[in-house]
Amino acid sequence: MTFPNDIKLSMRDCILKVLWPKDDIVTFFRNNSCTKSDIDALGDHKTLHRYQIVDNMFTYLSTKPDEGLGQYRAMLQSLVNWQQFDPYYFEKLGKLDKTEAERSITHLKQLQEIRDHKIQERRKAQARKEAATKVPSTTLPELKTKFISLLQSEVIGAKRGYVLEEILQSLCKISSLEVTEPYRVNGEQIDGSLKYDGEHYIIEAKWQEKAIANEAVYQFAGKIEGKMYGRGFLFQSTDLAKM
């Protein structure tokens, strides 16, 4: 996850408008999750301009494996709740302007609110999408009709196996079971999987006229052996026809 650039720029502006001494800027970094190595990366900060201290720290944090996410989050929370306006620099020396500082903090808060709103909307959209996939798109009578059409050979050849997979997928959804679509792993076809009572099961669906042979059962056992699930359901057309 990358910290938003617009918020980083606003944070930079806030830091320079609420802190004047260079040592105070470095202390701010230290108090907001920046490590000793982060601080050391600045070198002799007294030889830098105030804005260079901030820019160099932000640049350094962005090169870290986590891109300084923890430090940026800590700084953000500190700045949006900022209440320290040192009278010595704001009033006596006039180095800083409280009105401008408060305006910058308000802008930062607005950016944070916009970002949080977008995150919430994305989460809601994802939740709606996931909920939609769990809503059955067909009914039991429709599945029954579809299965009977298979028995009556209205669908022929290899297509019958794929239709059987679809029927099983829909049946799982109607039964409120978590189910995955068919997929391939290292060239191996998996007709799907379902979750029941906290356990995952691989699904194997076969359509053939004769009763399934032991060899096919052993092959299926070999398929699930060594898998994370270690469990499976083997469906065969003649078995379903007797149900």
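Just so it is clear, none of the values below were taken in a lab; they were calculated from the coordinates. Keep in mind the model is a prediction, meaning the values are calculated, not measured. Counting neighbours? That spans all protein chains shown, and the Cβs are built from the backbone with ideal geometry, glycine included.
General remarks:
- Each Lys and Arg contributes +1 and each Asp and Glu -1, all at the Cβ; summed about the Cα centre of region 5-129, the dipole is approximately 580 debye.
- Of Lys22/Lys109; Lys36/Lys118; Lys64/Lys129; Lys64/Lys95, pairs whose Cα-Cα distance is over 31 Å: Lys36/Lys118; Lys64/Lys129; Lys64/Lys95
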